Amino acid sequence: MPLDKKVFITQTLPEAASNFLKENGASVEMNRSFEPLSKKELIKKMSGVGVFITLLTDNIDKEIIDAAAENEVKGFCNYAVGYNNIDVNYAKLKKIFVTNTPDVLTKTTAEMAWALLFSAARRITESHNYVAQKKFNGWQSTLMLGRDVSGKTLGIIGAGRIGTAFGLMSAGFEMKVIYSDFNRNETLEKKINAEKVELNELLEKADFISLHTPLTNDSVHLIGEPQFKLMKKTAIIINTSRGRVIDEKILAKFLKDDKIGYAGLDVFENEPDICSELFSLPNVIMTPHIASGTVETRDKMALLAARNAADIFSGIVPRNNVW
């Protein structure tokens, strides 16, 4: 990698990215903050920068891409598996690479979905708060009754890499697995006897519903009032994909009215702003977008983003280019 190549990292990341780039001859500047830069600030940083390593909170729109093209920026390497924060088609038009960090976070994110599922099914947060508030006075036959997981029907919406990993992890619980996706998933069908069904059938039959679909124009509010009406009153819905896939206000209404059982959410429609009604509900568990948040995985993501940048500097199509 030529010594005159510079990378700008838009927010604080694990040092694995900077270390790799520096070891391979690049200069690195990092915004050592967890606050996203404004559009104006991002554009100011473009002079002399060859590649930006971006995060999902960076909105890389046409105006920023135009500025990047004018400054001969060669790529935006997104530190995430998703890239809905970048206008990919416009970047392609301007011949600017866009990359993501797939695979390295697959199992970690799937594990988090299971953590939320079990926490919801067994009312872990409620139970912890009950004990912490010193309300526990001894064993009772009806205290904090949850729902069994084993033997139930698991519905997976979006059977890509993460959805597949999530589904395979159900094998030990002898669950009936159904999935909804544009494509047939032979891995799930062969290994756990999963069945491909239409979305409405999945919503009607599943005891547990886990969302693993990317955010596209078609998936915004994929789960809204008509879909919630199809679910069982005891249904538990888990979202570790993108917040806008669920209509959050409608979700809160159905939870409040006990028209569905529980929700486990790691992502939110307008994060970091969250529908205020959710905060007062006992039948929801919320985590701060940490599905890929393990030390090992975040380091792997940082390193992969850096490798994509190195590919660009080397004059080759980066390994995880998305267009």
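We did not get these values from a lab; they are worked out from the coordinates using the rules stated. The shown structure was predicted, so the numbers you read here are calculated from the model rather than taken from an experiment. Positions of Cβ are generated from backbone atoms using ideal geometry, with glycine treated the same way; all protein chains shown enter the neighbour counts.
Normalised by the number of residues in the chain, the mean separation of alpha-carbon contacts (under 8 Å, six or more apart) gives a relative contact order of 20 percent. Evaluated over the range 180-266, the count of Lys pairs having alpha-carbon atoms less than 25 Å apart is 26 (only pairs 8 or more residues apart or interchain). Fewest neighbouring Cβ atoms within 10 Å first, the residues D61, D299, D266, D218 line up as D218, D61, D299, D266. Note on T57 and E204: the extension gain reaches 49.5 nm, defined as 0.36 nm multiplied by sequence separation minus the Cα-Cα distance.
Of all beta bridges that DSSP places with both ends in the chain, some 5 percent have antiparallel geometry. Only one residue of I236, S141, V220 has its Cα farthest out toward the positive end of the dipole of the chain, where Lys and Arg carry +1 and Asp and Glu -1 on Cβ, and that residue is S141.
Beta bridges per DSSP, both residues in the range 106-286: antiparallel share near 5 percent. How many angstrom separate the Cα center of the range 209-268 from the Cα center of the range 162-182? Taking the Cα centre of each part, the range 209-268 and the range 162-182 sit 18 Å apart. Were the residues from S27 through L230 laid out at 0.36 nm apart, the gain over their Cα-Cα distance would be 67.7 nm. Once the C-beta distance of I124 and D257 is scaled by a Förster radius of 22 Å, the resulting FRET efficiency is 0.45 to the nearest 0.05. Between the range 1-69 and the range 77-132, the C-alpha centres lie 21 angstrom from each other. Computed from the C-beta positions of E277 and N89, the FRET efficiency with R₀ = 25 Å rounds to 0.10. Eigenvalues of the alpha-carbon gyration tensor of the range 106-286, scaled by 5 and square-rooted, set the equivalent ellipsoid semi-axes at 26, 20, 14 angstrom, largest first. Normalised by residue number, the volume inside the convex hull of the Cα atoms of the range 136-192 is 105 Å³ per residue. With neighbours defined as other Cβ atoms within 10 Å of a residue's Cβ, the residues R319, R123 order from fewest to most as R319, R123. Mean silhouette area of the range 1-94, derived from the convex hull of its C-alpha atoms and averaged over all directions, reads 5.7 nm². Considering only alpha-carbon pairs that sit under 8 angstrom and 6 or more positions apart, the relative contact order computed for the range 106-286 is 21 percent. Taking other C-beta atoms within 10 angstrom as a stand-in for reagent exposure, T12, T213, T294 fall in the order T12, T294, T213, fewest first. Sorting the segments 173-179, 42-48 by their residues' average number of neighbouring beta-carbon atoms within 10 angstrom, most packed first, yields 173-179, 42-48.
For the chain, go through all pairs of different Cα atoms, get the mean of 1/r, take its inverse, and jot down that Kirkwood value in Å. Hydrodynamic radius (Kirkwood, Cα only) of the chain equals 21.2 Å. The C-alpha atoms of the chain define a longest principal axis, and helix 106-121 lies at about 30 degrees to it.
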